[in-house]
Amino acid sequence: MSRIGKAPIAVPSGVDINISGADVAVKGPKGELSHTLPAGIGAEIEEGILTVTRSDEERTTRALHGLSRSLVNNMVLGVSEGFSKELTIVGVGYRATAKGKNSMELALGFSHSVSVSAPDGIEFEVPEPTKIKVIGIDKQLVGQVAANIRAYRKPEPYKGKGIRYADEHVVRKAGKAAK
């Protein structure tokens, strides 16, 4: 039995879960999300505790058990608390400017500024010109949008300039003069 898959999910108050066949829909104060479970994986809710079960010991079913439980748990956490990723911009003249909650402009040393618009369910916050916060209820989408923003100018190893995650450590290389 999967250690992650067999762990129960505590459903906080204010979160409604609707299970119909393989479809799991979660609705909470921040929004609603849905996911279709793979074949052989089921979900049951009993007295505020959600459990993800599997029908057999087949290899593919075993592999998807923990994944399905994690995805459903992320949906429950997303609609109740939400997720966020913080990015830091390092470099002289590199900055972000908010254009409302759904778009921003980045000055990253190119000859033009880069416009970034948020997909549905994602918001941007720019508390400082060198800090970006990506906020949403879907953990996968928040991470993907943050990765797309980071891809515009990845941190380079010599001076460390670029966009990085707030908790990322960039390993610096010595230049040619440091021989």
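We did not get these values from a lab; they are worked out from the coordinates using the rules stated. Remember, it's a predicted structure, so these values are computed and weren't measured experimentally. A quick note on method: Cβ atoms are made from the backbone with ideal geometry, for glycine too, and the neighbour counts reach across all protein chains shown.
Suppose we filter the stretch 29-39 for residues that are in contact with a strand residue (DSSP E or B) (Cβ under 6 Å, 6 or more places away or on another chain) and either surrounded by fewer than 18 Cβ atoms within 10 Å (Cβ to Cβ) or among the basic types (K, R) (or both); how many remain? Selection size over the stretch 29-39: 3.
Considering only residues in the stretch 10-55 that are acidic (D, E) and under 20 Å from L141 (Cβ atoms), the one that is nearest to the chain's Cα centre (by Cα) turns out to be E32. A7 satisfies every condition listed in (1) more than 20 Å from L141 (Cα to Cα); (2) buried (at least 16 other Cβ atoms within 10 Å of the Cβ) except (2). Restricting attention to the stretch 10-28, which residues are closer than 17 Å to S80 by Cα and either loosely packed, with under 13 Cβ neighbours inside 10 Å or touching a Cys at 6+ places or on another chain (Cβ under 9 Å) (or both)? Answer for the stretch 10-28, where residues must be closer than 17 Å to S80 by Cα and either loosely packed, with under 13 Cβ neighbours inside 10 Å or touching a Cys at 6+ places or on another chain (Cβ under 9 Å) (or both): A10, S13, G14, D16, N18.
Do the conditions hold for A7, that is, is it in a loop (DSSP other than H, G, I, E, B), touching a residue at least 60 places away in the same chain (Cβ under 8 Å), of a type outside the set (V, I, T) and farther than 27 Å from V145 by Cβ? Criteria met by A7.
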